[in-house]
1. State whether the residues of segment 55-67 include one that is open to solvent by less than 40 Å² (accessible area, probe 1.4 Å), part of a helix (DSSP H, G or I) and at negative phi.
2. Could you please give the count of residues in segment 38-77 that are without any contact (Cβ under 8 Å) to a residue 24 or more places away in the chain and basic (Lys, Arg)?
3. Do the conditions hold for Asp92, that is, is it open to solvent by 80 Å² or more (accessible area, probe 1.4 Å) and in contact (Cβ under 8 Å) with a residue 12 or more places away in the chain?
4. Test Asp44 against the stated conditions and say whether it is more than 17 Å from Leu103 (Cβ to Cβ), of a type in the set (D, E, K, R) and assigned to a strand (DSSP E or B).
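The values are calculated or read from the model by the stated rules, or taken from the named source; none is laboratory data. Keep in mind it's a predicted model, so treat the numbers as computed, not measured. Cβ sites come from the backbone with ideal geometry, for glycine too, and all protein chains shown count toward neighbours. Heavy atoms of the whole protein, side chains included, go into the accessibility calculation; ligands, DNA and RNA do not. Shrake-Rupley method; radii C 1.70, N 1.55, O 1.52, S 1.80 Å.
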Amino acid sequence: MNLALSVIIPVYNSSEYIQECITSILDTGLKSMEIILIDDGSKDNSGKILDRLAQMDRRIRVIHKENTGYGNTVNVGLRQAKGEYIAIIESDDFIENNMLMELSAIADES
């Protein structure tokens, strides 16, 4: 099965926000997606939270790495992405329920 969407989330010390971020993505109801969480050497509990979330949903993959900064972290996610489309979401943000579906539909039309 081809994945429609890869969601890449670079994470650095986002333990306060990451649960809401991931929940907002999972609540979209999209089945044909993967969520790639890249822990960029967080010093807080972010890594543990990511691992727990990955155990709860098989669409979630976690990559732990040493801190190398935002750009490198996004590139790690891009290399791992298998989706037809890619979304990059900040770990301290959340999305509206229909955002990913609408963006995918617009991309399909174009």
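1. No: zero hits.
2. The total comes to 3.
3. Working: open to solvent by 80 Å² or more (accessible area, probe 1.4 Å): yes; in contact (Cβ under 8 Å) with a residue 12 or more places away in the chain: yes.
Yes.
4. Working: more than 17 Å from Leu103 (Cβ to Cβ): yes; of a type in the set (D, E, K, R): yes; assigned to a strand (DSSP E or B): no.
It is false that Asp44 is more than 17 Å from Leu103 (Cβ to Cβ), of a type in the set (D, E, K, R) and assigned to a strand (DSSP E or B).
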